[in-house]
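Read the structure below first, then the notes.
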Amino acid sequence: MNDIKGSLTGDFDYDFSLFCDIFKNDAMFRKRTVNIGNTKKKAAIMFFDGMAETKTVDDSVIRSFREAKDLPDDLNCEYICRNILYASEISTTENIADVIGAIMNGDTFVLIENSKTAVTVDTKGFRTRGVDEPNNERVLSGPKEGFNESAVLNLALIRRKLQTPDLAVESLKIGKRSKTSVFICYLSSLCPEKILSTLKDRLNKIDIDGILDSNYITEHIKDGKFSVFKTVGSTERPDIAAARLLEGRIAVVVDGTPVCLTLPFLFCENFQSDEDYYVNFLLGSAKRFLRYFCFFLSIAVPAVFVAVTTYHIELLPTSFMLTVAKLRSGVPFSSLFECISLIIIFEILKETALRTPQSLNTALGIVGGLIIGQAAVSARIISAPTLIAVALSGVAGLAVPRLNTAIVFLRIVLVIASGLLGLYGFFCVLFFYFVRVFGLSSFGVDYTSSLKNPDFQKQKDILIRAPWDFMKTRPTFNFNKIRSRKK
Amino acid sequence: MIRKIISLISIFALLFSLCACAGYREIDSLFFVSAIGFDYNDGYKISLETVSAGGNEIETEPFSKTYYAKGDTLKDAMQKIYKKLPKGISFDHTVCAVMGKGIKKRQLKRVISFLLYNKEINISLSLFCSDISANTLLLNAKPVSLCVGYDILGLKNENEKRNGASFNNTLFETSDKIKEEKSVSLPKLKLKEDTVVLEGKANDKA
């Protein structure tokens, strides 16, 4: 169907039957013919039930045709668009492929007798969720609205935050079969052209049959395709998207998904939360610092525990060493095996909790976390110190949700390296990852540029969240544009 | 990319095959030596006071036990102890060494070089001397804390705190004195009614 080419013939019966034939297998396809006003000239109206709002079709198209009066004898497409149809957005086309695309997108197609030009009326009206607070990015204070699956609504939410003509929105369709609408959003006076052109190049190169979620696009456009670190940001909150746009970044809104992509995405952004800016800067800075600490705890605690209790016992204080040894006595498995098993069990519990109905989550937490954990320790299948180390690391990891993938992989790799080579292995792997992270870039911007810069002025929104009076300039990657936040 | 992955796997395989698991020890499968005693009488007698937190059986509390053996040389005596021990030992938490009966300057030199050659032994380990045999001291003294070794360290720290001076009796300091051919004085331990007592004050010549 995507390959149908050609133009309308102007033969009403032929063109009408052509479209009926194209959509004959779709039960939701609706078609109707009406007379325009009191003339004998016919118009065929075609749309998809569910995609188009029936009431809008009735009011904007059918009623306008039925109520039309004093019509000229040479009634043509241009006259219909200008004087008859009530709809706010109307376009005309002769191309059959364009018509099919419009119908599939929720528009209503109006075929007019003896006319080679057809009219498409914007009647999109499929049901969407409300503007709810996103579950993945909850905040205690600050806006509670989130994106939903309608790209148009998402763009409106962004525009409500940035009421400036500087906000540019470009659209394109990606996916040979899905024809998903993708919108590139940026503030034209702030966004670096180089990043914008790189993004457009990468988007145009996407060759796929369907885009069902923004992650399809992320995987196609991201730098470091095999890296566990995110180089394209994502958010479900319009306030975050707007804040990123104000920094000169680009937002990519994909129809059918509540997740908006932001780029370039730097390493420090993993530790930033929108709530940092909605609370006192001291509390915001403390929380951000805590997130850096939690990331380190999350990847290092089980690995260091395994290394220290199996290779470097001399590093433990004697009393602590004896406590660990006492609690480990009788456990049949090695520390390494025990630690890896517990990490996997923790991931299983996390995955199960995600897929379980919310009403069962409490029961799952009690059975999975408390009963199994307690029973395993009592039965000496696992030791309490290992359980504490893995649990601490797991909980700390939840404080940095954007680094979830990296944390899971790093944690396991570091534990294996520590179990095989001790702290030597731990530092080897950590060094390897440091090299990897410091070598990454996001759309030509150094991924860790903010961390490498020793200038305190440039650190004001990295390790800490300085008061707004101090944050006078935008991020450093925006070097060729307006740097001052006050302009 | 495939080249990179293969070279990475090769590097890790080499790393692991060359040095993997060389020093791997499970914390619960070790006896931790808290104190070492040395005596000399036609051969060396080594006494190791060990602390264990359990093993295959579930132990309720950590317990201490002293193992000893006699040999012509220090190495020989140590080999005999190793044969007696049901599981591995660790010197990572050894806090003191007691030079007992018969350890004169010549033997002390050998004991110190023996301790220094043992890479696992902490060089800040404290050295003490005793008029009675170190074996008797470690076997007969009733520990106030978990074991006699930690009691001795406690006595030393308390004494140093009270007098505001140091005994300068660590393995490192003593070996330096011997190298520089200075006189060596170690704090003296005595057994009073089954309890270890420390004679002298910090920096006093014992």
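The values are calculated or read from the model by the stated rules, or taken from the named source; none is laboratory data. The shown structure was predicted, so the numbers you read here are calculated from the model rather than taken from an experiment. Note that each Cβ is placed from the backbone with ideal geometry, even for glycine, and that neighbours are counted across all protein chains shown.
Pick from segment A:292-311 the residues that are touching a Gly at 6+ places or on another chain (Cβ under 6 Å) and under 16 Å from A:R328 (Cβ atoms): which of them is nearest to the other protein chains (Cβ to nearest Cβ)?
Here is the first cut: in segment A:292-311, the ones touching a Gly at 6+ places or on another chain (Cβ under 6 Å) are A:298, A:306-307, A:311.
Among the residues that remain, those that are also under 16 Å from A:R328 (Cβ atoms) are: A:306-307, A:311.
Details: A:V306: 10, A:A307: 10, A:Y311: 5 Å.
Looking at the filtered set, the residue picked out is A:Y311.
Could you please let me know if B:K45 is at pLDDT below 85 and away from chain A (no Cβ under 14 Å)? Before you say what the answer is, go through the steps one by one.
Details: at pLDDT below 85: no; away from chain A (no Cβ under 14 Å): yes.
No.
Would you call B:T136 in contact with a Leu (Cβ under 6 Å, 6 or more places away or on another chain) and closer than 19 Å to B:S47 by Cβ? First the steps, then the outcome.
Details: in contact with a Leu (Cβ under 6 Å, 6 or more places away or on another chain): no; closer than 19 Å to B:S47 by Cβ: yes.
Here the answer is no, as B:T136 does not meet what is asked.
Looking at segment A:431-459, which of its residues are part of a helix (DSSP H, G or I) and touching a residue at least 24 places away in the same chain (Cβ under 8 Å)? Walk me through how you get there before you give the answer.
Initially, segment A:431-459 is screened for residues part of a helix (DSSP H, G or I), giving A:431-439, A:449-452, A:456-459.
A:R436, A:V437, A:S449, A:S450, A:L451 - these are the residues of segment A:431-459 that are part of a helix (DSSP H, G or I) and touching a residue at least 24 places away in the same chain (Cβ under 8 Å).
When residues of segment A:48-61 are filtered for being more than 14 Å from A:L85 (Cβ to Cβ) and either part of a strand (DSSP E or B) or in contact with a strand residue (DSSP E or B) (Cβ under 8 Å, 6 or more places away or on another chain) (or both), how many remain? Quick ask: steps written out before the conclusion?
Kept after step one, since they are more than 14 Å from A:L85 (Cβ to Cβ), are these residues of segment A:48-61: A:48-55.
Remaining after also requiring either part of a strand (DSSP E or B) or in contact with a strand residue (DSSP E or B) (Cβ under 8 Å, 6 or more places away or on another chain) (or both): A:48-49, A:51-53.
Here the count works out to 5.
Taking A:L364 and the conditions (1) in a helix (DSSP H, G or I); (2) in contact (Cβ under 8 Å) with a residue 24 or more places away in the chain, which numbered condition does it fall short on, given that it satisfies the others?
Among (1) in a helix (DSSP H, G or I); (2) in contact (Cβ under 8 Å) with a residue 24 or more places away in the chain, the lone unmet condition for A:L364 is (2).
Could you list, in sequence order, the residues of segment A:62-102 that are in a helix (DSSP H, G or I) and not aliphatic (A, V, I, L, M)? Don't jump to the end; show me each part of the working.
Initial filter on segment A:62-102 (in a helix (DSSP H, G or I)): A:62-66, A:77-84, A:96-102.
The answer is A:R63, A:S64, A:F65, A:R66, A:C77, A:E78, A:Y79, A:C81, A:R82, A:N83, A:D98, A:G101.
Quick test for you: out of B:S124, B:S90, B:S64, B:S52, pick the one residue that is touching a helix residue (DSSP H, G or I) at 6+ places or on another chain (Cβ under 7 Å), of a type in the set (S, T, N, Q) and modelled with pLDDT under 85. Write out each step before concluding.
Values: B:S90 fails: modelled with pLDDT under 85; B:S64 fails: touching a helix residue (DSSP H, G or I) at 6+ places or on another chain (Cβ under 7 Å); B:S52 fails: touching a helix residue (DSSP H, G or I) at 6+ places or on another chain (Cβ under 7 Å).
Every option except B:S124 fails the conditions.
Across segment B:143-188, which residue is farthest from B:G200 (Cα to Cα) among those that are polar (S, T, N, Q) and assigned to a helix (DSSP H, G or I)?
Taking segment B:143-188 as the starting set, the residues that turn out to be polar (S, T, N, Q) are B:145, B:157, B:159, B:163, B:166, B:168-170, B:174-175, B:183, B:185.
Keeping just the survivors that are assigned to a helix (DSSP H, G or I) gives B:157, B:159, B:163, B:174-175.
On the way: B:N157: 13, B:N159: 9, B:N163: 11, B:T174: 18, B:S175: 21 Å.
Taking the candidates together, the pick is B:S175.
For segment A:95-116, how many residues meet the condition of being surrounded by fewer than 18 Cβ atoms within 10 Å (Cβ to Cβ) and within 23 Å of A:A68 (Cβ to Cβ)?
2
Right, A:L349: under 28 Å from the mean Cα position of the chain (by Cα) and away from chain B (no Cβ under 13 Å) or not?
Working: under 28 Å from the mean Cα position of the chain (by Cα): yes; away from chain B (no Cβ under 13 Å): yes.
Yes.
Restricting attention to segment B:82-112, report how many residues are over 10 Å from the mean Cα position of the chain (by Cα), farther than 15 Å from B:I46 by Cα and either within 14 Å of another protein chain (Cβ to nearest Cβ) or among the polar types (S, T, N, Q) (or both).
3
Could you check, for segment A:65-82, whether at least one of its residues is within 30 Å of A:E149 (Cα to Cα) and within 41 Å of the chain's Cα centre (by Cα)?
Filtering segment A:65-82 down to residues within 30 Å of A:E149 (Cα to Cα) leaves none.
No, segment A:65-82 has no match at all.
How about segment A:139-191: which of its residues are assigned to a strand (DSSP E or B) and hydrophobic (A, V, I, L, M, F, W, C)? Quick ask: steps written out before the conclusion?
The first filter runs over segment A:139-191 and keeps only residues assigned to a strand (DSSP E or B), leaving A:167-174, A:180-187.
The answer is A:L167, A:A168, A:V169, A:L172, A:I174, A:V182, A:F183, A:I184, A:C185, A:L187.
If you take the residues in segment A:400-420 that are within 31 Å of the chain's Cα centre (by Cα) and polar (S, T, N, Q), which one is nearest to A:F295 (Cα to Cα)?
Step by step, filter segment A:400-420, then rank; the result is A:N404.
Of the residues in segment A:243-269, how many are in contact with a Lys or Arg (Cβ under 7 Å, 6 or more places away or on another chain) and either crowded, with 21+ Cβ neighbours inside 10 Å or aromatic (F, W, Y) (or both)? Explain how you work it out, then say what you get.
As a first pass, look at segment A:243-269 and keep what is in contact with a Lys or Arg (Cβ under 7 Å, 6 or more places away or on another chain): A:247-248, A:251, A:262-265.
When the remaining residues are screened for being either crowded, with 21+ Cβ neighbours inside 10 Å or aromatic (F, W, Y) (or both), the result is A:248, A:251, A:262-265.
Of the residues in segment A:243-269, 6 are in contact with a Lys or Arg (Cβ under 7 Å, 6 or more places away or on another chain) and either crowded, with 21+ Cβ neighbours inside 10 Å or aromatic (F, W, Y) (or both).
Just to be sure, is A:A389 surrounded by 22 or more Cβ atoms within 10 Å (Cβ to Cβ) and in contact with a helix residue (DSSP H, G or I) (Cβ under 7 Å, 6 or more places away or on another chain)? Let's see the steps before the verdict.
Values: surrounded by 22 or more Cβ atoms within 10 Å (Cβ to Cβ): yes; in contact with a helix residue (DSSP H, G or I) (Cβ under 7 Å, 6 or more places away or on another chain): yes.
Judged against the criteria, A:A389 is a match.
Say we look at segment A:327-346 and pick out the residues that are over 16 Å from A:V306 (Cα atoms) and more than 8 Å from chain B (Cβ to nearest Cβ); which of these is farthest from the chain's Cα centre (by Cα)?
Of all residues in segment A:327-346, those over 16 Å from A:V306 (Cα atoms) come to A:330, A:345-346.
This time we only want the ones that are more than 8 Å from chain B (Cβ to nearest Cβ), so: A:345-346.
Values: A:I345: 28, A:F346: 25 Å.
Looking at residues that are over 16 Å from A:V306 (Cα atoms) and more than 8 Å from chain B (Cβ to nearest Cβ), I get A:I345.
Any idea which residue in segment B:82-123 is farthest from B:K179 (Cα to Cα), counting only those that are among the basic types (K, R) and in a loop (DSSP other than H, G, I, E, B)? Steps first, answer last, please.
Residues of segment B:82-123 that are among the basic types (K, R), as a first pass: B:83-84, B:87, B:101, B:104-106, B:109-110, B:119.
Checking which are in a loop (DSSP other than H, G, I, E, B) leaves us with B:87, B:101, B:104, B:119.
On the way: B:K87: 36, B:K101: 23, B:K104: 16, B:K119: 19 Å.
Among those that are among the basic types (K, R) and in a loop (DSSP other than H, G, I, E, B), it is B:K87.
When you go through (1) surrounded by fewer than 16 Cβ atoms within 10 Å (Cβ to Cβ); (2) farther than 20 Å from B:D176 by Cβ one by one for B:L74, which number turns out not to apply?
Going through (1) surrounded by fewer than 16 Cβ atoms within 10 Å (Cβ to Cβ); (2) farther than 20 Å from B:D176 by Cβ one by one, B:L74 breaks only (1).
One line per residue, one yes/no per condition, for (1) under 15 Å from A:C260 (Cα atoms); (2) more than 24 Å from the chain's Cα centre (by Cα):
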position: A:S115; (1), (2): no, yes
position: A:V121; (1), (2): no, yes
position: A:T128; (1), (2): no, no
position: A:P134; (1), (2): yes, no
position: A:R138; (1), (2): no, no
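Within the group A:V408, A:V445, A:V413, which residue is buried (at least 17 other Cβ atoms within 10 Å of the Cβ), modelled with pLDDT under 90, among the hydrophobic types (A, V, I, L, M, F, W, C) and closer than 30 Å to A:H220 by Cα? Spell out the reasoning first.
Details: A:V408 fails: modelled with pLDDT under 90; A:V413 fails: modelled with pLDDT under 90.
Result: A:V445 is the single residue among A:V408, A:V445, A:V413 that is buried (at least 17 other Cβ atoms within 10 Å of the Cβ), modelled with pLDDT under 90, among the hydrophobic types (A, V, I, L, M, F, W, C) and closer than 30 Å to A:H220 by Cα.
Which one is surrounded by the most Cβ atoms within 10 Å (Cβ to Cβ) among residues in segment B:124-142 that are free of Cβ contacts under 8 Å to residues at least 60 places away in the same chain and in a helix (DSSP H, G or I)?
Of everything passing the filter in segment B:124-142, B:T136 is surrounded by the most Cβ atoms within 10 Å (Cβ to Cβ).
Looking at (1) in contact (Cβ under 8 Å) with a residue 60 or more places away in the chain; (2) of a type in the set (V, I, T); (3) outside any loop (DSSP other than H, G, I, E, B); (4) touching a helix residue (DSSP H, G or I) at 6+ places or on another chain (Cβ under 6 Å), find the lone condition where B:V196 falls short.
For B:V196, the exception is condition (1).
Condition test on A:V324, is it at the interface with another protein chain (Cβ under 8 Å from one of its Cβ atoms), of a type in the set (A, V, I, L, M, F, W, C) and in a loop (DSSP other than H, G, I, E, B)? Let's see the steps before the verdict.
Details: at the interface with another protein chain (Cβ under 8 Å from one of its Cβ atoms): yes; of a type in the set (A, V, I, L, M, F, W, C): yes; in a loop (DSSP other than H, G, I, E, B): no.
So A:V324 does not fit the description; no.
Among the residues of segment B:137-151, how many are within 15 Å of the chain's Cα centre (by Cα) and closer than 14 Å to B:F63 by Cβ?
Residues that pass the stated criteria total 4.
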